[in-house]
Amino acid sequence: MNNTWDRDVDVLVVGTGAAGLTAAITAAAWGSRTLVVESMPEWGGSTAGGGGEAWLPTNPLSRQAGRDGPPKDGSPVAGPPAAGPPKGDSPKGDSPEKALAYLAAVVGDAGPASSPERRRAFVLTAPEAFTFLADLGVRWTLNRDHPDFYPDRVGGMTGRAVEVRPFDPRDLGPWASNGRLDAVFPLPVRADDVRLIARAAANRDELVRGARVLGRTAWDLARGRHLVSGGAALSASLMTIVLSQCTEVLLSTPLRGFELDRDRRAVTGAILAGPDGRLIRVRVRRGIVLAAGGFARNTSWRLKYHGIPGYSSAADGDTGDVIALAEDIGARLTLMEDAWWGASLALPDGYAFSVFERSLPFSIMVDADGSRFVNESASSVDVGRAMLADRNANPSWLVTDARHHHRYRNSATSGGEGRLRAAGLAHSAGTVEDLAIAIEVDPARLRATVARFNAFARAGVDRDFGRGNNVSDNYYGDPLVGPNPNLGPLEKAPYSAFLMVPGDRGTKGGLLTDTDGRVLDLDGQSITGLYAAGNTAASVMGPADPGPGSAVGAAIVFGYRAARHAAARDR
Ligand SMILES: Cc1cc2nc3c(=O)[nH]c(=O)nc-3n(C[C@H](O)[C@H](O)[C@H](O)COP(=O)(O)OP(=O)(O)OC[C@H]3O[C@@H](n4cnc5c(N)ncnc54)[C@H](O)[C@@H]3O)c2cc1C
C-alpha cells in the first residue's frame with residue numbers, strides 16, 4: 001500500500017476504444033471524477049480503425065424496423081433529438097426474448113464468459129446504453145440491410161446493427177489530429193454502402209449511389225469538411241462527449257501496475273508511466289475499468305494460445321499487457337484460444353481483412369491441395385476458423401475469373417497489382433491449369449474443383465458448402481448474378497489468385513468478468529475495484545460472432561455497465 005499519491009480520482013479508465021470511452025462517459029455522467037489513460041500517442045485503438053458497426057439487439061431502431069425478411073433500402077436515424085422509447089414491438093421487430101433465443105442458438109454452451117446471466121445483461125442493457133449515448137449526442141443510424149450472420153436460426157433477424165452517422169472531426173478541436181481517425185474507409189461511407197461500392201462497376205444503380213457518396217464527399221471537402229465514418233465516426237463522437245464532460249485524457253501514458261489493499265483483495269490505485277517515463281501513482285476510489293483491448297499484437301501469446309504468430313488488423317496497442325497485469329494479481333483468464341477470426345488478403349506490408357471479395361461471385365477459396373474447404377460467403381469468424389482447422393488452408397488462395405476482376409473492388413489490388421505480383425502474393429494466367437502451376441497446386445485438382453463449383457453455380461446450389469443459401473451470405477453477393485448471387489462460374493480468362501491468411505480483427509479471450517464487468521479471480525470472487533470491458537474481457541459472445549458489430553456492441557454495453565457499477569460504489 002502506498003500513501004504518496006500523485007493523483008486522486010474516482011474512476012480510472014484504461015484505454016480509449018469503444019469500451020473505454022463509453023465507460024468514461026458513463027462514470028462522469030454518474031458524477032465520478034474520471035481520468036482516462038491511453039498507452040499510445042494516438043487515441044481510438046482498434047475501434048477507431050474498424051468498421052464501427054455495433055450489434056445492439058432490441059435497440060429502439062431495431063425494435064421498430066428490424067425484420068425477419070430480406071433486406072430493403074433506406075435507414076431510419078436516431079440521435080439528437082433523442083431516440084425516444086421504443087414504440088412497441090412489431091411482430092417482425094426485435095425483442096429481448098428473440099435476441100436471447102438467438103444467442104442461445106448461435107453461441108450455445110460456451111463457458112462462463114457467455115453465461116446465461118451475462119447474455120441477459122448484454123441484451124437487456126443494449127437499448128439502455130444505446131439511448132444513454134444517443135441522449136448525449138451520438139447520432140446512431142440503423143444498418144437496416146445488414147442481417148445477423150445466422151439469419152435462419154431461431155430469433156435471427158435483419159437490422160440489429162447500428163453505426164454512427166458520418167462525423168466532422170473538427171468538432172474535436174485539437175483532439176482531431178491525435179486520434180486514429182484516418183480510418184478504414186477513405187470516404188465517409190456507411191456500412192451498408194460498402195458492398196454497393198464493392199460492386200459499383202457492375203451495377204448502374206449502385207454506381208449512381210457510389211457517385212453520390214463521391215459527390216457528397218467532394219462537396220464537403222470544398223467546404224473544408226472531411227467527414228469520417230465507421231469506427232472513426234463512433235470514436236470521434238464518443239470522444240466529443242468525453243471532452244465536453246471535462247474528463248482528462250492522457251496519451252502515451254500506459255497502465256503499468258496496481259496498488260492493492262493490505263489483504264491484496266481490493267485494488268486501491270494504479271501505477272502509470274507518463275510520456276517522460278516518470279511513474280505516476282493514482283489513487284482510485286471507486287474503480288479501475290480495464291478497456292485496453294486484447295492481445296492481437298502479442299506474438300508470444302499468439303503462438304502460445306493460437307499456434308500462429310497472428311496476421312491481425314487490430315491496432316498496434318493491442319498488446320495484452322493489461323490482461324497480463326490483471327493475471328498477475330489473481331484474475332482468471334478464459335477463452336484465450338479464440339479471436340475475432342477472419343480471412344485476410346496478404347499485402348506486401350500487412351493484411352487487408354476481407355469481407356466482400358471472397359463472398360462475391362466468380363470466386364472460390366482453395367487450400368494448398370487446390371480444394372475448396374469452406375462456404376466462402378460465411379461470416380468472417382467461420383471462414384477464419386475453417387482456415388485454421390484445415391491444415392492445408394493456412395495460407396490459401398482466393399481464385400477469381402476475369403469478371404470478378406472487372407466488376408468488383410478487391411482490397412488486395414487497391415495499392416497496385418504489380419507490388420502484389422512482385423511479392424508473389426498474386427498470380428494471373430490464361431488457364432486454370434497455368435494458374436495452378438503458378439500457385440504450386442496440382443493442376444488436375446484445381447481444374448476439377450473449378451468444374452464442380454461451376455456446375456453448382458449454374459444450378460444455383462452449392463451442394464458442398466451451402467454458399468449463398470441465406471440473406472447473410474447474399475448481403476455481400478451480387479443481385480445481378482443468378483440463380484444464386486454468391487455463385488458465379490469461373491470460366492472467363494484471365495484467372496487470378498490472391499494469397500489469404502487466417503486474419504483477425506482482434507482477440508476474444510481475456511479476463512473473466514461478471515454481469516457488471518467486475519473482474520473475477522480463480523475462485524470466482526470479484527476483485528474489488530477492478531472492472532474490464534471490450535476485448536480485455538473474455539467475450540460474452542463466446543467463440544461465436546452472432547451478427548455485424550458483436551465486438552463493438554459488447555464493448556459499449558459492458559463499458560457502460562462496468563462504469564455504472566463502479567460509479568455507484570462508496571468512495
Ligand atoms: C479493420 C477492422 C474492422 C472492424 N470492424 C468492426 C465492426 O464493424 N464491428 C465490430 O464490432 N468490430 C469490428 N472490429 C473489431 C473491433 O473494432 C474491436 O474488437 C473493438 O473495437 C475493440 O474495442 P476495445 O474498446 O476493446 O479496444 P480498442 O478499441 O482496441 O481500445 C483499446 C485501447 O487501449 C489501449 N491500451 C493498450 N494497453 C494499454 C495500457 N497498458 N494502458 C493504457 N492504454 C492501453 C490501446 O492502445 C487502445 O487504444 C474491427 C476491427 C478492425 C481492425
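Annotations
- Sorting 52-58, 457-463, 525-531 by average packing, meaning the other beta carbons within 10 Å per residue, from highest down gives 52-58, 525-531, 457-463.
- For the stretch 489-571: rounded, prolate or oblate by the Cα gyration tensor [a/c cutoff 1.5]: prolate
- Length released on extending from R170 to A218, taking residue separation times 0.36 nm less the Cα-Cα span: 15.6 nm
- Size of charge dipole - the chain - debye, nearest 20, with Cβ of Lys, Arg +1 and Asp, Glu -1, no other charges: 900 debye
- Rounded to the nearest 20, the size of the Cβ-charge dipole of the stretch 341-504 about its Cα centre is 280 debye, with Lys and Arg at +1 and Asp and Glu at -1.
- Here, P(r) means the percent of Cα pairs in each 5 Å bin from 0 to the largest distance; for the stretch 151-280 it is 2, 9, 12, 13, 13, 12, 10, 9, 8, 6, 3, 2, 1, 0.
- Set of the stretch 145-181 residues, backbone N closer than 19 Å to the point 7 Å along the Cα-Cβ line of E248: 174-175
- Prolate/oblate/rounded label for the stretch 127-169 (Cα gyration tensor, a/c 1.5): oblate
- Residue (of G51, P443, L207) at the positive-pole extreme of the chain, dipole from beta-carbon charges: L207
- Alpha carbon centroid spacing (whole Å) that separates the stretch 330-393 from the stretch 281-296: 32 Å
- Modelled FRET efficiency - R0 41 Å, H406 with A448, Cβ distances, 0.05 increments: 0.95
- Peptides 428-435, 276-283, 368-375 ordered by average Cβ neighbours within 10 Å, highest first: 368-375, 428-435, 276-283
- Residue-wise HN-Hα couplings along the stretch 240-247, as the Karplus relation 6.51 cos²θ - 1.76 cosθ + 1.60 with θ = phi - 60° gives them from phi, are 4, 5, 3, 5, 5, 7, 6, 7 Hz; Gly and Pro carry x.
- If R0 is 35 Å, the Cβ-Cβ spacing of S414 and Q525 corresponds to a FRET efficiency of close to 0.10.
- Principal axes of the chain: Cα extent on each, largest first, Å: 74, 49, 48
- Only helices enter the 222 nm calculation for the chain: every DSSP H run of n ≥ 4 contributes -39,500 (n - 2.57), and dividing by all residues gives -9500 deg cm²/dmol, rounded to 500.
- Of the residues L234, F122, T507, the one whose Cα sits farthest toward the positive end of the charge dipole of the chain, with +1 on the Cβ of Lys and Arg and -1 on the Cβ of Asp and Glu, is L234.
- The stretch 341-504 shape via C-alpha gyration tensor axes, a/c threshold 1.5: rounded
- A straight chain from E117 to N203 at 0.36 nm per residue would run longer than the Cα-Cα distance by 26.4 nm.
- The antiparallel fraction among DSSP beta bridges confined to the chain stands at about 70%.
Every read-out reported here was derived from the displayed coordinates using simple, explicitly stated rules and does not represent laboratory data. Bear in mind that the values here come from a model prediction, so they are computed numbers and not experimental data. Virtual Cβ from ideal backbone geometry, glycine too; neighbours counted across all protein chains shown.
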